[in-house]
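Structure, as structure tokens:
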Amino acid sequence: MESAKYVSQKISKTRWRPVSYSSLQQPDIFAIGSWDNEENKVSVWSIGNLGSSGLEDGFEGDPQLICEHEHYGDVLDLQFLDQERIVTVSSTGAVTIFRHDQNSQTLSICKQWARAHRYPCDNAPSTGVACNSPEIVTVGEDGRIIVFRVDQEAVVRVIENADSSTLHAVTYLRTTEVLTVNSIGQLKLWDLRQQSNSPSQILSLSRDRVPLYCVDRHPNQQHIVATGGQDGMLCVWDVRQGNMPFSLMEAHSAEMWEVHFHPTNPDHLFTCSEDGSLLHWETSSPSEMPSFLQGGRNSSMTSRSAMAPAGGIQSIISAWLYGDSSKSRLETTHMLPSQTLSVNSLDMLGQCLVCGTDGEAIFVNRQVPV
């Protein structure tokens with residue numbers, strides 16, 4: 001089931017609210033942030049049956065606006081801190097925590113660090129945020145990494161000159177370790193236990209210094225990360241081995257804005273791009289594929305840099321790193337009807353995918369085969 005909703009604003013970020021895996025609940029609430037509009041907003045939407053929460057005209061499947069709040073500046077990144085709180089970073093350099101009150105269905109600002117990222121005489125856009133409650137880490141165009149705690153007013157730590165170029169994204173590798181990507185094609189690992197302002201490791205695309213815009217960590221194998229950037233290539237890295245990507249795959253014809261491993265089934269991966277496409281990548285061995293997936297896939301193609309070995313569960317663990325392309329392959333499926341405008345953001349949880357575009361539309365697919 002796929003639905004499209006036009007929202008009269010360009011969407012920069014979209015994220016599902018986390019669900020408790022023990023409840024086997026499908027995600028039903030997501031947040032979006034806008035950019036490049038006269039007035040930008042953060043808004044919370046539902047795809048569930050809203051009758052139970054007291055909202056009228058609830059229609060199963062069609063995204064319904066629950067609440068919204070103005071946002072000063074473009075929303076350049078957005079993450080759920082927990083079930084109630086959403087963290088955004090802004091083109092103004094601000095870092096803001098919004099609270100979604102699920103009783104009154106309102107959105108309000110509960111904390112803000114106004115000029116967290118800045119140049120000596122001006123604000124610097126804050127470009128990325130990662131959350132590991134109660135901790136929040138942000139990066140920005142000013143090359144700084146800032147660590148906050150939700151229960152403290154003061155900033156916990158600033159790594160002043162973490163980078164001489166723009167930092168575009170950040171993710172946690174472990175509780176005490178984060179990974180950043182920058183505009184000259186480098187990944188840097190930072191051990192937050194160390195007082196040093198130097199990275200513990202630097203990996204690089206080396207060749208053309210192509211800017212990297214997005215990064216995601218494999219949910220089970222913290223040493224495996226995927227990145228994307230200006231040239232539209234999907235890169236998979238093993239941070240334990242060497243300082244070059246393990247594999248490079250041609251993914252998009254323009255900038256890749258986001259890459260996400262599926263959080264519970266990481267042999268599935270999703271990417272979206274300025275070229276208007278959203279791709280679903282799946283590592284599989286032909287013998288392991290259900291018959292209904294063999295052939296008949298829309299726009300499927302096989303990549304020569306396929307990564308999965310045959311061998312049951314082992315292939316899920318290490319499918320992105322090892323393999324023999326004669327035994328296995330990488331299937332790629334286009335998830336959207338032909339698009340012309342940029343797909344800026346996507347998020348995947350359970351079988352539910354949501355994405356937001358410069359065409360002022362949200363797309364929700366609730367039956368992704370993962």
Using θ = phi - 60° and Karplus 6.51 cos²θ - 1.76 cosθ + 1.60, couplings along segment 173-180 (whole Hz; Gly, Pro as x): 8, 9, 4, 10, 9, 10, 10, 10
For Arg174 and Ser133 in the same chain, what is the full-extension length gain: residue separation times 0.36 nm, less their Cα-Cα distance, in nm? 13.5 nm
Tell me, what is the FRET efficiency for Ser165 and Thr106 to the nearest 0.05, using R0 = 30 angstrom and their Cβ-Cβ distance as r? 0.15
Enter the accessible area per residue of segment 131-201 (Å², integer; probe 1.4 Å; all protein chains in place). 40 Å²
Between segment 78-147 and segment 201-241, what is the C-alpha centre distance in whole Å? 24 Å
Which of the lysines could be linked to Lys111 by a straight reach, that is with a Cα gap under 23 Å, when you skip same-chain ones fewer than 8 residues away? Lys13, Lys41
For segment 272-280, Karplus-derived ³J(HN,Hα) couplings (6.51, -1.76, 1.60; θ = phi - 60°; whole Hz; x for glycine and proline) come out as 9, 8, 4, 6, x, 10, 10, 10, 10
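Please report the projected area of segment 48-195's Cα convex hull averaged over all directions, in nm². Don't jump to the answer; show the numbers that get you there.
On the way: hull surface 41.2 nm².
So the mean shadow area of the Cα hull is 10.3 nm².
How much of the accessible area of segment 123-201, in percent, comes from carbon and sulfur atoms when a 1.4 Å probe is used? Kindly include the intermediate steps, with their values, before the conclusion.
On the way: 1190 of 2960 Å².
So the carbon and sulfur contribution to the accessible surface is 40 percent.
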Spin-label model distance (nm) - Gln367 vs Glu2, 7 Å beyond Cα toward Cβ: 1.2 nm
Under the Karplus relation with 6.51, -1.76 and 1.60 and θ = phi - 60°, whole-Hz ³J(HN,Hα) for segment 192-208, x at Gly and Pro, equal 6, 6, 7, 7, 4, 9, 10, x, 7, 7, 10, 10, 8, 6, 6, 4, 10
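The values are calculated or read from the model by the stated rules, or taken from the named source; none is laboratory data. These numbers were taken from a predicted model, which means no experiment stands behind them. Neighbour counts are summed over all protein chains in view; Cβ atoms, including those assigned to glycine, are modelled from backbone coordinates with ideal geometry. Just the protein is used for accessible areas: all its heavy atoms, side chains included, with ligands, DNA and RNA removed. Shrake-Rupley method; radii C 1.70, N 1.55, O 1.52, S 1.80 Å.
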